[in-house]
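Shown next, in structure tokens, is the structure this report addresses.
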Amino acid sequence: MPPRTRTHAAKFGTILLVLGCLSLTSCAPDEPVSDAKPTPTASPLFASEEDALAAARATYEGFLRTSETIVDEDGASSERIDRFATAEVAESEKRGFANLAAANERIVGEIVLEKLLLQSYRPQAPGGLGVVSVYACVNVGDTDVVDENGNSVVAADRPDKTAFEVSFDSYAPSPTKLRLSSKGVWEGGGVC
């Protein structure tokens, strides 16, 4: 081969090699370089369903005891219920406290939380809403609502036990990490 042909062949080979390498690298997507640290995933609110149920029990019992105390004190310092309930539930309870005080009525005896069954524990609930839901059996058999003269104002056919469906939202400042967000009578049975 004459020297000129070898030179052209060598240049042509070099060009093919460079184009080949460029075509290989252009097929691969560019990986962005980042110095950002991986975002840690949020840890669950409670380590287990048992812990969630225990926190729900402590919150609900605190709610019941605080409600009784506020009623015994004629509705005074009703903001104490805020520690155990969301704003909506607390406002409803405060109206109830005020109504009892205005009617000169009070509760005698202690409300007993007999049973609490876990309905659901959703540790990653959006916004921490409804993170724990339970069924509660509340016994009011040893309680009475009396007027200023000590006369009972409770209907004679009032049941001693009532089942409730109760939900809790997460609330970090609370010692139990929960606040009661809804409660309603449970008609489904199997709780009390």
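Looking at GLU73, GLU49, GLU110, can you tell me which residue is over 20 Å from PRO159 (Cα atoms) and touching a residue at least 12 places away in the same chain (Cβ under 8 Å)? If you could, list the steps in order and put the result at the bottom.
Details: GLU73 fails: touching a residue at least 12 places away in the same chain (Cβ under 8 Å); GLU110 fails: over 20 Å from PRO159 (Cα atoms).
Result: GLU49 is the single residue among GLU73, GLU49, GLU110 that is over 20 Å from PRO159 (Cα atoms) and touching a residue at least 12 places away in the same chain (Cβ under 8 Å).
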List the number of the failed condition for ALA101; all other conditions in (1) surrounded by fewer than 19 Cβ atoms within 10 Å (Cβ to Cβ); (2) under 17 Å from ASP51 (Cα atoms) hold.
(2)
Name the residue, out of VAL132, VAL154, VAL138, that is aliphatic (A, V, I, L, M) and more than 25 Å from the chain's Cα centre (by Cα).
VAL154
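Restricting the search to segment 143-159, which residues are aliphatic (A, V, I, L, M) and assigned to a loop (DSSP other than H, G, I, E, B)?
Of everything in segment 143-159, those that are aliphatic (A, V, I, L, M) and assigned to a loop (DSSP other than H, G, I, E, B) turn out to be VAL153, VAL154, ALA155, ALA156.
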Answer residue from segment 96-142, given it is outside any helix (DSSP H, G or I) and touching a Gly at 6+ places or on another chain (Cβ under 7 Å) and is farthest from ARG179 (Cα to Cα) among those
ASP142
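Which residues, counting only those in segment 76-100, are polar (S, T, N, Q) and in contact (Cβ under 8 Å) with a residue 24 or more places away in the chain?
As a first pass, look at segment 76-100 and keep what is polar (S, T, N, Q): 77-78, 86, 92, 99.
Passing the criteria: only THR86.
Since every read-out is calculated from the coordinates, none of them should be taken as a lab result. Just so we're clear, the structure is a prediction, and the values are computed from it rather than from any experiment. When we count neighbours, we look across all protein chains shown, and the Cβ atoms used for this are built from the backbone with ideal geometry, even at glycine.
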